[in-house]
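The values are calculated or read from the model by the stated rules, or taken from the named source; none is laboratory data. These numbers come from a predicted model, not from an experiment. Positions of Cβ are backbone-derived with ideal geometry, glycine not excepted, and every protein chain shown enters the neighbour counts.
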Amino acid sequence: MSDLSEEDRRILTHLRDLVSTGEAYVRSRHIAEAVGLTANQVGTRLARLSETVDEEDEIEIEQWSRSRSTTWRISKA
């Protein structure tokens, strides 16, 4: 995925760190705090990334829950 923006790369790097010990359940706002974006920016990017990540990216992104805010399940590919 060479057409990723710098923001997308920061998100993926953070997500890889999160799943280094197994799967993780996170909300956009927690990722946003770690990578310096807004929760809306992260949520929009995660929705797109969930459809485009592949085995080379070493992670899977799945929209898990949509109660008050979306929870994302991040796991190793």
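One table, with the values for the structure above:
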quantity: Lone qualifier among Trp64, Trp72 - being under 17 Å from Ser20 (Cα atoms) and touching a strand residue (DSSP E or B) at 6+ places or on another chain (Cβ under 7 Å); calculated: Trp72
quantity: All positions within segment 40-77 that are of a type in the set (A, V, I, L, M, F, W, C) and farther than 12 Å from Ile11 by Cβ; calculated: Trp64, Ala77
quantity: Selected residue (only one of Glu56, Glu60, Glu33 is modelled with pLDDT under 90 and outside any loop (DSSP other than H, G, I, E, B)); calculated: Glu56
quantity: Tally, over segment 36-53, of residues that are in contact with a Ser or Thr (Cβ under 6 Å, 6 or more places away or on another chain) and at pLDDT below 95; calculated: 2
quantity: In segment 1-28, the residues that are touching a residue at least 40 places away in the same chain (Cβ under 8 Å), assigned to a helix (DSSP H, G or I) and closer than 14 Å to Arg73 by Cα; calculated: Leu12, Leu15, Arg16, Leu18, Val19, Ser28
quantity: Filtered residues of segment 30-71 (kept if surrounded by 16 or more Cβ atoms within 10 Å (Cβ to Cβ) and among the charged types (D, E, K, R)); calculated: Arg45, Asp57, Glu60
